[in-house]
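The values are calculated or read from the model by the stated rules, or taken from the named source; none is laboratory data. In this text, all values refer to a predicted model and were calculated from it rather than measured experimentally. Methodologically, a virtual Cβ is constructed for each residue, glycine included, from the backbone with ideal geometry; neighbour enumeration extends over all protein chains shown.
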Amino acid sequence: MKISLMLVVVMGLAGVNSFAQEYEIGQKNKEFTVKELTVRVGDKMTFTNQDPFFHNIYSLSESQSFDLGSYPKGNQRSVVAEKPGTLTVECAIHPNMQMTIHVEE
């Protein structure tokens, strides 16, 4: 009985992050390849630069802010959704680049 209970606890703890998803969002032709995305808390979004120039992806949203810095073609940067809310994501270099990420619990 003791071993079974321990196994259930260990399995439960191991499963806490096992449901996290990963999403890739490209940057091509000075646009995001995805305009709107719905994710869950703990999910990871990776932004891949497919343009021949730098991008600097950031969000100043109330629920979560981040700045991934400037990076060239072929590089990528990631961010994990921390809490529920709506994120407006932009490029500091190309002001017309914008997307929305809805983060659910």
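Against the definition (β-branched (Val, Ile, Thr) and either farther than 21 Å from ASN29 by Cβ or not in a strand (DSSP E or B) (or both)), how does THR86 come out, yes or no?
The answer is yes for THR86.
Can you tell me which condition ILE93 does not meet? The list is (1) more than 29 Å from GLU105 (Cβ to Cβ); (2) in a loop (DSSP other than H, G, I, E, B); (3) modelled with pLDDT under 95, and all the others hold.
(3)
Take the conditions modelled with pLDDT of 95 or more and either in contact with a helix residue (DSSP H, G or I) (Cβ under 6 Å, 6 or more places away or on another chain) or surrounded by fewer than 16 Cβ atoms within 10 Å (Cβ to Cβ) (or both) and apply them to GLU62. Does it pass?
So GLU62 fits the description; yes.
List, please: which pairs have Cβ atoms under 8 Å, are six or more places apart or on different chains, and start with a residue in region 24-35 that is within 17 Å of VAL79 (Cα to Cα) and end with one that is among the acidic types (Asp, Glu) and modelled with pLDDT of 95 or more?
From region 24-35, the pairs are GLN27/ASP51.
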